[in-house]
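Here's the structure we're looking at; comments come further down.
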Amino acid sequence: MTGNAPDGLTLTAQVIPKEGVMFQQLQEEAVLLNLDSGLYFGLDPIGTRIWILLSERQPLPQIVSALMAEYEVDDEQCKADLLKLLADLEEQELVAVTR
C-alpha cells in the first residue's frame, strides 16, 4: 500500500485542525465541535491521540510512527486507518488539508 485514501489523500499531505474547531477531551475520548456548522464529531482514544498529534503540527509519517510505537498495529493497517480518519475529518470540515 502506498498510503493513498480513496479521495487522493496521502501521507505527504499536510493536515492541521481548522480554525473554529473546539476540542474537548473526556478521559481517553474526545469530542470535536465545528463552531461554524454546529457539528459534533466523537473520537475514540486512538482518534483522540491522532488529533493531539495533528494539533502539534506533526507530519503524517511521524504520526504513523508514533501510533505504531504506542499501539499494536501493523504499518499498512495504521496508514489505512489514519488516512480514513483524516478523510472523514476533512469531509466534516474539521481539518485543513494541503495536498
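None of the figures in this text is laboratory data; all of them are computed from the coordinates on show. None of these values were measured; they are calculated from a predicted model. Every residue, glycine as well, gets a Cβ built from its backbone with ideal geometry; the counts of neighbours run over all protein chains shown.
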List the residues whose amide H sits under 5 Å from the amide H of Ala96, counting only those 5 or more places along or on another chain, with H placed 1.01 Å from N in the peptide plane. Ile16, Lys18
Going by alpha carbons, how many degrees (0 to 90, nearest 10) lie between the helix axis of 45-55 and the longest principal axis of the chain? 80
Mind pulling the angle between the C-alpha long axis of helix 75-91 and the longest principal axis of the chain? Nearest 10 degrees, somewhere in 0 to 90. 30
To the nearest 20 debye, what charge dipole does the chain have about its Cα centre, counting +1 at the Cβ of each Lys and Arg and -1 at the Cβ of each Asp and Glu? 320
Per DSSP H run of at least 4 residues, take -39500 (n - 2.57); add these up for the chain, divide by its residues and hand me the 222 nm value, nearest 500 deg cm²/dmol. -12500 deg cm²/dmol
For the Cα atoms of the chain, what angle does the longest principal axis make with the long axis of helix 60-70, in degrees from 0 to 90, nearest 10? 80
Contour minus end-to-end for Ala96 and Ala69, with contour as 0.36 nm per residue of separation and end-to-end as the Cα-Cα distance? 7.1 nm
Hydrodynamic calc, the chain: Kirkwood Rh from Cα pairs, then Stokes-Einstein at 37 °C with viscosity 0.692 mPa s, so D in µm² s⁻¹ is 242
